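Reading through the structure tokens given below for one structure.
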Amino acid sequence: VRLYQIQCAMCERFRIRAQDQHRSTTEVPAIRGAILDRSGRELAVSVETRSLFAHPRRVEKPEEAATQLAMAIGRPRETILRELLSKKSFVYLDRFLDAEEIEKVRALGLPLGGNGPFGMEPAYQRVYPLGRLAAHVVGFANIDGDGVEGIEKAFDEELKGDPAIYLVLQDARSGRVRELIHPPEKEPLDVVLTIDSVLQHITERELDRAMHETGARAASAVLLDPATGQVLALANRPAADLSRYGKASNRERTNRAVVHTYEPGSTFKIATMAAVLEHGRVRAGQKVFCENGAYSLPGRTIHDISPHGTLTPREIMEKSSNIGMVKLVQPLEPDRLRESILRFGFGSKTGIELPGESRGEVARAASWSGFTQASWAFGQEILVTVLQMAAAVATVANDGVSVPPRVVLGTRNPDGEFLPEESPQPTRVLPDSVARRIAAMLEGVVENGTGSRAAVPGYRVAGKSGTAQMVVAGAYSDTDYMASFGGFGPVGAPRVAMLVVLDSPRGPRRHGGQVAAPVFGRIMTEALRHLRAPSNRDPAPSELLAREQDPALPPFRLPAASRPGLVPDLAGLS
């Protein structure tokens, strides 16, 4: 009777139970795609390793096993023993063992594999070979292979691909056989960035130096190709070391250049001077009386750092006169001024392929205070991002044509085929004649004005310094400043547009022309050499003498593909 019940009456029920016990499906994720710089250098890769697991119910001597494993994998014995004594059917004892740990575990002689109590399964660990280089662009993927920051997050689906689905057959002794029943429909892709690792290294090195020399609380820099909008370098300090990302603070993880907003100060005069020139408010030979350093408006007094008398518009830019800019901007209609600023991209996201971008803040004319128009003249009462301000500088460098910044060139499939991303659509922001007049003014800033410390031997460089008082406890501070310098070079055929911002430098020198301009100059000098930009200025005799004494060597180039034992070309390095 019982045999009849099992084989006939209850047959279908037991058949379903047997299938549930013997058959299951499992997903095996694809190896995550790599993130590469523009030359194919690896910034993020996945490497195959092993994860150690155990079936606690099968472990006969957990205390002894815990003691042995603790010495082999470097985890506390108590932690391992707690896992081995648990009532779970399966536990991980350690994830992502390195080669040495794998050999030590195998040397213990513990029963590994098959139906034994211990085993090691293949696993893919995310590795960042260059540590914190371009950390805020590359981002981070967690232990489960999910992107949580940067490009790792923005291109998570492309980097992951689809998992392969296997049918797993298991017998009474837990022996298993896998059969592929659903191959992945979409293979993981590599993501190729616009970043140049050499320029990124130079930029980060100089930000570290600036932080040390100025005592700044934080720093950011963005380098753009003005003609294409490609981000050649984007760096922030402080920055997280991607190999120890879990221990990083929020300040180290934040991409300040894209996420944070600030009042730009006098670098914003580039945008307001553009509005003044475009709408014909400057006459040939016009001069502006700059009130010898103090200009009284109803309820407020505008000051210059140094007193000036009568200045031309070019001299107003060179001397960075707030009063001169206020007087030039005053005749403009508010809506026209705002519309000109919006065309530069302020108040809107650039659309860069990085998460968390801020749009900044450009107040509508109806909500202006009585001082908004005057404040905008020298970069107050407006909020921008470092990336937006760098893009505005690039627009002037590109003869008034704006190309939205981008940080991804394209993707590469497993067959090695490169799939380019669609290039952003250029937009004319300024007439080319206006852009060239501003470029000439900015060149004068470096040659004769507040940006002299940004000069680059052998090249004509243009730029503008900025020093913005920070708002502390609802009022502008007399001690905390955002010091910045933005510019491009070489003038006439620009290869690089750049903005450098230092947050709260300490010490006697805190102005943009004093602390940010030298950083700009050092980065620009090496960037133009690295890009092989032809010199467009005859060097001074002192520069020629320096070259004779210390002849310049070509900048170093890392090999396109690295392997153990291959040494990079270090020619030209100290």
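The values are calculated or read from the model by the stated rules, or taken from the named source; none is laboratory data. Since we're looking at a predicted model, the values are computed, not measured. Every residue, glycine among them, receives a Cβ derived from its backbone with ideal geometry; neighbour counts consider all protein chains shown. SASA here: full protein model, heavy atoms, side chains in, ligands and nucleic acids out. Shrake-Rupley method; radii C 1.70, N 1.55, O 1.52, S 1.80 Å.
Computed values, structure above
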{"item": "Near pairs, Cβ below 8 angstrom, 6+ apart or cross-chain, from the range 270-283 (farther than 13 Å from Val326 by Cα and open to solvent by 10 Å² or more (accessible area, probe 1.4 Å)) to any residue that is part of a helix (DSSP H, G or I) and among the charged types (D, E, K, R)", "result": "Leu277/Arg437; His279/Arg336"}
{"item": "Selection within the range 504-541 - of a type in the set (D, E, K, R) and touching a Ser or Thr at 6+ places or on another chain (Cβ under 8 Å)", "result": "Arg506, Arg509, Arg510"}
{"item": "Candidates Gly109, Gly114, Gly139, Gly131 - the one that is closer than 21 Å to Arg237 by Cβ and at pLDDT below 90", "result": "Gly131"}
{"item": "Total residues in the range 327-356, condition of a type outside the set (A, V, I, L, M), in a loop (DSSP other than H, G, I, E, B) and surrounded by 19 or more Cβ atoms within 10 Å (Cβ to Cβ)", "result": "5"}
{"item": "Output for the range 41-61, where each listed residue is surrounded by 16 or more Cβ atoms within 10 Å (Cβ to Cβ) and not in a strand (DSSP E or B)", "result": "Arg41, His55, Pro56, Val59"}
{"item": "Arg38, sole failed condition from (1) surrounded by fewer than 14 Cβ atoms within 10 Å (Cβ to Cβ); (2) at negative phi", "result": "(1)"}
{"item": "The range 131-162, subset without any contact (Cβ under 8 Å) to a residue 40 or more places away in the chain and part of a helix (DSSP H, G or I), residue surrounded by the fewest Cβ atoms within 10 Å (Cβ to Cβ)", "result": "Glu157"}
{"item": "Residues of the range 371-421 that turn out to be part of a loop (DSSP other than H, G, I, E, B), more than 18 Å from Arg256 (Cα to Cα) and touching a helix residue (DSSP H, G or I) at 6+ places or on another chain (Cβ under 6 Å), as a count", "result": "5"}
{"item": "Close pairs from the range 107-130: first farther than 21 Å from Lys160 by Cα and in contact (Cβ under 8 Å) with a residue 60 or more places away in the chain, partner part of a loop (DSSP other than H, G, I, E, B) and polar (S, T, N, Q), Cβ under 9 Å, at least 6 apart", "result": "Gly114/Ser174; Asn115/Ser174"}
{"item": "Filtered residues of the range 170-181 (kept if out of contact with any Ser or Thr (no Cβ under 8 Å at 6 or more places or on another chain) and either open to solvent by less than 80 Å² (accessible area, probe 1.4 Å) or at pLDDT 95 or above (or both))", "result": "Ser174, Gly175"}
{"item": "Positions within the range 12-42 being out of contact with any strand residue (DSSP E or B) (no Cβ under 6 Å at 6 or more places or on another chain), at pLDDT 85 or above and of a type in the set (A, V, I, L, M), in sequence order", "result": "Ile16"}
{"item": "Test: residue in the range 283-297 that is over 20 Å from Ser433 (Cα atoms), touching a Phe, Trp or Tyr at 6+ places or on another chain (Cβ under 6 Å) and part of a strand (DSSP E or B)", "result": "no"}
{"item": "Sole residue being closer than 19 Å to Glu278 by Cα, of a type outside the set (Phe, Trp, Tyr) and without any contact (Cβ under 8 Å) to a residue 24 or more places away in the chain, chosen from Glu333, Glu417", "result": "Glu333"}
{"item": "Which numbered condition Ala219 misses (of (1) among the aliphatic types (A, V, I, L, M); (2) surrounded by 23 or more Cβ atoms within 10 Å (Cβ to Cβ); (3) without any contact (Cβ under 8 Å) to a residue 40 or more places away in the chain)", "result": "(3)"}
{"item": "From Pro264, Pro184, Pro238, residue being surrounded by 14 or more Cβ atoms within 10 Å (Cβ to Cβ), more than 18 Å from Ala134 (Cβ to Cβ) and touching a helix residue (DSSP H, G or I) at 6+ places or on another chain (Cβ under 7 Å)", "result": "Pro264"}
{"item": "Qualifying residue in the range 17-31 (condition: assigned to a loop (DSSP other than H, G, I, E, B) and either among the polar types (S, T, N, Q) or within 30 Å of Val198 (Cβ to Cβ) (or both))", "result": "yes"}
{"item": "Where Leu342 falls short, out of the listed (1) farther than 24 Å from Leu502 by Cα; (2) modelled with pLDDT under 95", "result": "(2)"}
{"item": "Residue within the range 13-22 that is exposed (fewer than 12 other Cβ atoms within 10 Å of the Cβ) and in contact (Cβ under 8 Å) with a residue 12 or more places away in the chain present", "result": "yes"}
{"item": "Selection from the range 359-382 of residues that are buried (at least 16 other Cβ atoms within 10 Å of the Cβ) and under 23 Å from the mean Cα position of the chain (by Cα)", "result": "Arg359, Gly360"}
{"item": "Qualifying residues in the range 68-119 (those that are part of a loop (DSSP other than H, G, I, E, B) and either closer than 18 Å to Thr49 by Cα or among the aliphatic types (A, V, I, L, M) (or both)) - the one nearest to the chain's Cα centre (by Cα)", "result": "Asp98"}
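This table checks each residue for (1) part of a strand (DSSP E or B); (2) over 20 Å from Thr228 (Cβ atoms); (3) open to solvent by less than 20 Å² (accessible area, probe 1.4 Å); (4) touching a residue at least 12 places away in the same chain (Cβ under 8 Å).
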| site | (1), (2), (3), (4) |
| --- | --- |
| Val491 | no, no, yes, yes |
| Pro494 | no, no, no, yes |
| Ala497 | yes, no, yes, yes |
| Val501 | yes, yes, yes, yes |
| Arg506 | no, yes, no, yes |
| Arg509 | no, yes, no, yes |
| Ala516 | no, yes, yes, yes |
| Val519 | no, yes, yes, yes |
| Glu526 | no, yes, no, yes |
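Let's see how each residue does on (1) open to solvent by less than 60 Å² (accessible area, probe 1.4 Å); (2) acidic (Asp, Glu); (3) assigned to a loop (DSSP other than H, G, I, E, B); (4) touching a Leu at 6+ places or on another chain (Cβ under 9 Å):
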residue: Leu430; (1), (2), (3), (4): yes, no, yes, yes
residue: Arg436; (1), (2), (3), (4): no, no, no, no
residue: Val446; (1), (2), (3), (4): yes, no, no, no
residue: Gly463; (1), (2), (3), (4): yes, no, no, yes
residue: Tyr476; (1), (2), (3), (4): no, no, no, no
residue: Met482; (1), (2), (3), (4): yes, no, no, yes
